[in-house]
Amino acid sequence: MTILAASPCPALDAPDVAPLAAVVGADLSVPLVHGGHARYVNLDYAASAPALRAVADRVAELLPLYASVHRGAGYASVVCTSAYEAARAEIAAFVGAGPDDAVVFTRNTTDALNLLATAVPGFAPGVGVPGAGGVVHLDIEHHANLLPWQRLGARVVRAGGTRAQTVAAVAAELAAAPAALLAVTGASNVTGECPPLAELTSVAHRHGARIVVDGAQLVPHRRVALAESGIDYLAFSGHKIYAPFGAGVLVGRRDWLEAAPPYLAGGGAVREVRLGGTEWAAVPARHEAGTPNVVGAVALAAACRAVAALGAEAVTAHETALVRRLTRGLAGIDGVRPLRLWPSAAGDEPGGESGEADRIGVVTFTVDGYPADLVAQYLSAEHGIGVRDGRFCAHPLLARLTADPAGVRASLGLGSRAADVDRLVTALAELRAHGPAWAYARTEAGCAPDPDPRALPDWLAGGVPGPASACSDQ
Ligand code: PMP
């Protein structure tokens, strides 16, 4: 068995990488089961990224002025209405939306994709386009970009082989029978690999279909330019782009959304209500009934502004250096097996199939001899490292990629640094060399340190951690 020594370590012999931006909680110190504390290593950005300092500052600026939008004449209401609509415009600019595109605020990506599902011609009541119909999606999708389409009876294409073979398989499916919409992720939340969006967009268009990109993982990490790329719809979430305040967005072509029934029926979505019938408002108000999440929308726009100001090249370079460090570190530990959609003969070198340029900072792996939940618990309890374990809301993909029931996912972002990656690699090498140093018990709620002496923060005193919920990312 080849085990990396904690130090010196060839894979960690790369130049230091500092955080690219300040995030709230960067210096969080967390308790360890054997006593003492460690700086928290957050390697769970793909689940929810920490707030950027700039985003938190904008929210703090807004809160004293907080008021409901669109209806009030008071000064605070006028300010909030203006901030909400400015946020919409800022997000449109950030994703390079065209003049014909609408920006609809939603709760998150799941909500945005469910909204779009109500607007697909042939499925939405009253929205019909002769000859169009059907949705096609890849088998690698997060459930948010799978279940809304499965409910519509969508057809599935296996994203196997190589990227080029995946594009060819999509083309064949679209040629076999027309579809109104092709739904693809911008980046896999399991492997971090990015499907070839330019090719998929042109294949969809060539066959008369539109394309929606699930941008939940891609948008925080890469520049997406809707009008320039031809992508028709894009959905993403604030909490994954450093704005964890509960807003998401659907951006894209207005006509389907305008023709669709209001996503929710209620105040704000109407022009005129009579007891006998209602005249609905135009998009975006049409799909934003109820009091909107102004704070979330403003935070999301502030995050977009901050990410844009860093520059796409700097974001990619920072992340690429860290992913390279991570994949090389993991490759040096016998029994740690990264999951890949499109494995390459060229490994992780740039330019190879599935090279670093085509992936974001998300890496999922299994560890021989240790179930994923035990690995995650060990990393947290003994090393103060936060990762995600499970099936990542991508059950079909996990079933295809591994015989293990689950994987461990490490994910990076703007606040990540080389030392975070090194801590993970060293901890995994130790696990494989010596096993865990603490005891772990399996209960109905899953695997947990036994005992677990770590206290919750004082403000939660008296609260007991409940059983792990149905596991948010299972
Ligand atoms: N798509 C992808 C690729 C994701 O990673 C996630 C979140 N795990 C979602 C969609 C759903 O995002 P949200 O929970 O914010 O709706």
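The values are calculated or read from the model by the stated rules, or taken from the named source; none is laboratory data. These figures come from a predicted structure and were not determined experimentally. Here Cβ is always computed from backbone atoms with ideal geometry, including for glycine, and neighbour counts include all displayed protein chains. Only protein heavy atoms, including side chains, enter the accessible area calculation; ligands, DNA and RNA are left aside. Shrake-Rupley method; radii C 1.70, N 1.55, O 1.52, S 1.80 Å.
I'm trying to understand the selection: among the residues of segment 193-207, which are away from the ligand (no atom under 16 Å from the Cβ) and acidic (Asp, Glu)?
Here is the first cut: in segment 193-207, the residues away from the ligand (no atom under 16 Å from the Cβ) are 196, 198-199, 201-207.
Result: 199, single match.
Consider segment 193-211. How many of its residues are part of a loop (DSSP other than H, G, I, E, B) and under 26 Å from residue 45 (Cα atoms)? Spell out the reasoning first.
At the first step, the residues of segment 193-211 found to be part of a loop (DSSP other than H, G, I, E, B) are 194-196, 207-209.
Filter once more, so that each one left must be under 26 Å from residue 45 (Cα atoms): 194-196.
Adding up the residues that qualify gives 3.
Only one of 230, 276, 238, 267 is modelled with pLDDT of 95 or more and on the phi > 0 side of the Ramachandran plot; which?
Working: 276 fails: on the phi > 0 side of the Ramachandran plot; 238 fails: on the phi > 0 side of the Ramachandran plot; 267 fails: on the phi > 0 side of the Ramachandran plot.
After ruling out the rest, the residue left standing is 230.
Does segment 64-113 hold any residues that are modelled with pLDDT under 95, open to solvent by 40 Å² or more (accessible area, probe 1.4 Å) and either hydrophobic (A, V, I, L, M, F, W, C) or outside the structural domain of residue 263 (by TED's automatic domain parsing) (or both), and which are they?
Matches in segment 64-113: 73 only.
With the structure loaded, tell me whether residue 126 is on the phi > 0 side of the Ramachandran plot, modelled with pLDDT of 95 or more and not hydrophobic (A, V, I, L, M, F, W, C) or whether it fails that test.
Spelling it out, it is not the case that residue 126 is on the phi > 0 side of the Ramachandran plot, modelled with pLDDT of 95 or more and not hydrophobic (A, V, I, L, M, F, W, C).
Of 249, 295, 283, 323, which residue is at pLDDT 95 or above and over 30 Å from residue 69 (Cα atoms)? Steps first, please.
Values: 249 fails: over 30 Å from residue 69 (Cα atoms); 295 fails: over 30 Å from residue 69 (Cα atoms); 283 fails: over 30 Å from residue 69 (Cα atoms).
Going through 249, 295, 283, 323 in turn, just one is at pLDDT 95 or above and over 30 Å from residue 69 (Cα atoms): 323.
Does any residue in segment 108-121 that is more than 7 Å from the ligand (Cβ to nearest atom) come within less than 9 Å, Cβ to Cβ, of a residue that is of a type in the set (D, E, K, R) and open to solvent by 10 Å² or more (accessible area, probe 1.4 Å) six or more places away or on a different chain, and which pairs are these?
117/151; 119/258; 120/210
Kindly indicate the residue of segment 135-159 that is of a type in the set (D, E, K, R) and open to solvent by 50 Å² or more (accessible area, probe 1.4 Å) and also nearest to the ligand (Cβ to nearest atom) among those meeting that condition.
Only one residue tops the list, namely 151.
Can you tell me which residues in segment 368-399 are within 16 Å of the ligand (Cβ to nearest atom) and open to solvent by 50 Å² or more (accessible area, probe 1.4 Å)?
Across segment 368-399, the qualifying residues are 391, 395, 396.
Can you confirm whether residue 216 is within 16 Å of the ligand (Cβ to nearest atom), of a type outside the set (D, E, K, R) and either open to solvent by less than 10 Å² (accessible area, probe 1.4 Å) or assigned to a loop (DSSP other than H, G, I, E, B) (or both)?
Numbers: within 16 Å of the ligand (Cβ to nearest atom): yes; of a type outside the set (D, E, K, R): yes; either open to solvent by less than 10 Å² (accessible area, probe 1.4 Å) or assigned to a loop (DSSP other than H, G, I, E, B) (or both): yes.
Judged against the criteria, residue 216 is a match.
Return a yes/no flag: does segment 160-181 have any residue that is assigned to a helix (DSSP H, G or I), hydroxyl-bearing (Ser, Thr, Tyr) and either surrounded by 22 or more Cβ atoms within 10 Å (Cβ to Cβ) or touching a residue at least 24 places away in the same chain (Cβ under 8 Å) (or both). Quick ask: steps written out before the conclusion?
From segment 160-181, those assigned to a helix (DSSP H, G or I) are 163-176; that's our starting set.
Then keep just the ones that are hydroxyl-bearing (Ser, Thr, Tyr); that gives 166.
Now drop any that are not either surrounded by 22 or more Cβ atoms within 10 Å (Cβ to Cβ) or touching a residue at least 24 places away in the same chain (Cβ under 8 Å) (or both), which leaves 166.
Among the residues of segment 160-181, at least one is assigned to a helix (DSSP H, G or I), hydroxyl-bearing (Ser, Thr, Tyr) and either surrounded by 22 or more Cβ atoms within 10 Å (Cβ to Cβ) or touching a residue at least 24 places away in the same chain (Cβ under 8 Å) (or both), which makes the answer yes.
Under 7 Å between Cβ atoms, which residue pairs at least 6 apart in sequence (or on different chains) link something in segment 183-197 that is open to solvent by less than 10 Å² (accessible area, probe 1.4 Å) with a partner that is among the small types (Gly, Ala, Ser) and away from the ligand (no atom under 11 Å from the Cβ)?
Between residues of segment 183-197 that are open to solvent by less than 10 Å² (accessible area, probe 1.4 Å) and residues that are among the small types (Gly, Ala, Ser) and away from the ligand (no atom under 11 Å from the Cβ), the close pairs are 192/361; 193/354; 195/159.
Can you tell me which residue among 224, 190 is within 13 Å of the ligand (Cβ to nearest atom), modelled with pLDDT of 95 or more and not in a helix (DSSP H, G or I)? So that I can check it myself, show each step before the final result.
Numbers: 224 fails: within 13 Å of the ligand (Cβ to nearest atom).
Testing whether each residue is within 13 Å of the ligand (Cβ to nearest atom), modelled with pLDDT of 95 or more and not in a helix (DSSP H, G or I) leaves just 190.
Given (1) surrounded by fewer than 23 Cβ atoms within 10 Å (Cβ to Cβ); (2) over 25 Å from residue 388 (Cα atoms); (3) of a type in the set (D, E, K, R), where does residue 222 come up short, assuming only one miss?
Unmet condition: (2).
Conditions (1) at pLDDT below 90; (2) in the same structural domain as residue 373 (by TED's automatic domain parsing); (3) within 25 Å of residue 367 (Cα to Cα); (4) part of a loop (DSSP other than H, G, I, E, B), marked per residue:
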site: 430; (1), (2), (3), (4): no, yes, yes, no
site: 437; (1), (2), (3), (4): no, yes, yes, yes
site: 441; (1), (2), (3), (4): no, yes, yes, no
site: 462; (1), (2), (3), (4): yes, no, no, yes
site: 465; (1), (2), (3), (4): yes, no, no, yes
site: 468; (1), (2), (3), (4): yes, no, yes, yes
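Among 246, 238, which is the only one that is surrounded by fewer than 23 Cβ atoms within 10 Å (Cβ to Cβ), in the same structural domain as residue 295 (by TED's automatic domain parsing) and touching a helix residue (DSSP H, G or I) at 6+ places or on another chain (Cβ under 7 Å)?
Working: 238 fails: surrounded by fewer than 23 Cβ atoms within 10 Å (Cβ to Cβ).
Residue meeting the stated conditions: 246.
Has segment 172-186 got at least one residue that is within 16 Å of the ligand (Cβ to nearest atom) and touching a Phe, Trp or Tyr at 6+ places or on another chain (Cβ under 6 Å)?
Among the residues of segment 172-186, at least one is within 16 Å of the ligand (Cβ to nearest atom) and touching a Phe, Trp or Tyr at 6+ places or on another chain (Cβ under 6 Å), which makes the answer yes.
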